[in-house]
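See structure below.
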Amino acid sequence: MDDGFSSIISEQADRQFRDLLTGEAVHAASAGRWQQPLWDSVESSALSLALVPEEQGGVGLAATDAFGIVRLSGYRGLPLPLGDTMVAKALWSVAGGDLELAGDRPVLLGSQAAGEPLPLQEGHGGLAVSGVVDPVVFGDVDGSLLVHARSEVGEDFLVLLDLKALAGERCAGPALEAQHAFRLERVAVPAERRRRWRAGHPLALHAHGALLRSVQMVGAMQRSLELGLQYAGERAQFGKAIARFAPVQDMLVEAAAETAAAVTATGLALAHWQPECDEDMLFCIAAAKSRSGEAAGKVSALVHQVHGAIGFTQEHSLHQYTRRLWAWRDDFGAESFWNRWLGDQVCAAPGSDLWQRIASI
């Protein structure tokens, strides 16, 4: 894909996000209401097909460019599952799935807390999937849920479920958008809604979701830091801007350093992205999700401290980003999950292999 064309798409996406997010739309999203006009506008620009190869009807952007749009969605606080749909459609199309089944509707990524595939077993009249899917935002929309399932003989499948046919239970979350948890009880999976997938690892879909949230967190952290710098330059105390006080400078510098660390870790994971999740990709994603989650917690606290009480008010825009950071930290594995996984990998290998593993990535 031509770099100039990629830049044009990115600029158009950023302009579109900025224009769509009116005060009314942001307020409605904060109240947990689905924004169909916003989704129709974004979907009409084919952004959800950014990762789908051109030969399969997609835009065919490189991973770094496509996920750059995801970062922009986090930066702008876009209250839509654009990133989920982008990744889900890419994986489904590469596995040979028919994109017409998804249509122009959202496709959410579903995963268990442990990240392992759901069991796909023989049921009445065919194969059926069971298990508990972690809460997903926008689980009540007219769309699909993509899950990773494994048959009794160890074959990996991507399964595209119709959300309207599932009985989701609404639950609360820090991001305020409507969340739904799903308990699947032998849900029938027709042949056209399942495709064999070269997953590469049992945690493959969990990892794709973790990378997606890491990129979104980077965008939200960059915007939060920008708001902190702007406020510190405008807010005066004792006759001068608070940005001139050393404690405020220290907080902003620390927030900038944490954001930069998340950018670097996530960029390394993006460089290894591919539909099939190999060990190097998983290792990098684990590090990125862990480091981005840690940074998100620190950046949120620091920027809110710079803003003082006003940053917690409904009228201020800061919470549009920090509450999503708090939610995204936990999605597809919090820091503790991925740190434990990384620790297990290191402990299972000879000590002399650790440096070689890191240096080779």
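The values are calculated or read from the model by the stated rules, or taken from the named source; none is laboratory data. It should be emphasised that the depicted structure is a prediction, and the values quoted were computed from it without experimental measurement. Cβ: placed from backbone, ideal geometry, glycine included. Neighbour counts: every protein chain shown. Side chains included, ligands, DNA and RNA excluded: accessible areas come from the protein's heavy atoms. Shrake-Rupley method; radii C 1.70, N 1.55, O 1.52, S 1.80 Å.
Just a few scattered comments:
- Output for segment 333-358, where each listed residue is over 19 Å from the mean Cα position of the chain (by Cα), among the hydrophobic types (A, V, I, L, M, F, W, C) and under 14 Å from residue 287 (Cβ atoms): 341, 342, 346, 354, 358
- Residue match in segment 39-62 (condition: more than 23 Å from residue 199 (Cα to Cα), surrounded by fewer than 18 Cβ atoms within 10 Å (Cβ to Cβ) and either of a type in the set (Asp, Glu) or within 18 Å of the chain's Cα centre (by Cα) (or both)): yes
- Considering segment 78-132, and only residues there that are in a strand (DSSP E or B) and at positive phi, the residue that is surrounded by the fewest Cβ atoms within 10 Å (Cβ to Cβ) turns out to be 126.
- 2 or more residues of a type in the set (A, V, I, L, M, F, W, C): qualifying strands (runs of 3 or more DSSP E) within segment 146-240: 156-162, 179-188
- Criterion: open to solvent by less than 10 Å² (accessible area, probe 1.4 Å) and within 23 Å of residue 344 (Cα to Cα) - qualifying residue of 282, 268: 282
- Taken together, 196, 223 contain a single residue that is under 19 Å from residue 160 (Cα atoms), out of contact with any Pro (no Cβ under 6 Å at 6 or more places or on another chain), open to solvent by 20 Å² or more (accessible area, probe 1.4 Å) and charged (D, E, K, R), which is 196.
- Residue within segment 107-125 that is touching a residue at least 60 places away in the same chain (Cβ under 8 Å) and of a type in the set (Ser, Thr, Tyr) present: yes
- Residues (at pLDDT 95 or above and touching a strand residue (DSSP E or B) at 6+ places or on another chain (Cβ under 9 Å)) located in segment 229-241: 232, 233
- Residue that is closer than 16 Å to residue 88 by Cβ, open to solvent by less than 10 Å² (accessible area, probe 1.4 Å) and without any contact (Cβ under 8 Å) to a residue 40 or more places away in the chain, where the choices are 166, 145: 145
- Looking at 258, 254, 276, just one residue is at pLDDT below 95 and either of a type in the set (D, E, K, R) or within 16 Å of the chain's Cα centre (by Cα) (or both), and that residue is 276.
- For residue 254: the one exception among (1) open to solvent by 80 Å² or more (accessible area, probe 1.4 Å); (2) at negative phi; (3) free of Cβ contacts under 8 Å to residues at least 40 places away in the same chain: (3)
- Residues that are modelled with pLDDT under 80 and exposed (fewer than 11 other Cβ atoms within 10 Å of the Cβ), drawn from segment 333-354: 351, 352
- Near pairs, Cβ below 6 angstrom, 6+ apart or cross-chain, from segment 58-85 (under 17 Å from residue 274 (Cβ atoms)) to any residue that is open to solvent by 20 Å² or more (accessible area, probe 1.4 Å) and of a type in the set (Val, Ile, Thr): none
- The number of residues in segment 297-332 being small (Gly, Ala, Ser), open to solvent by 30 Å² or more (accessible area, probe 1.4 Å) and either touching a His at 6+ places or on another chain (Cβ under 6 Å) or not in a helix (DSSP H, G or I) (or both) comes to 1.
- Enumeration of residues in segment 333-355 that are farther than 29 Å from residue 108 by Cβ and either part of a helix (DSSP H, G or I) or not polar (S, T, N, Q) (or both): 343, 346, 347, 348, 349, 350, 351, 353, 354, 355
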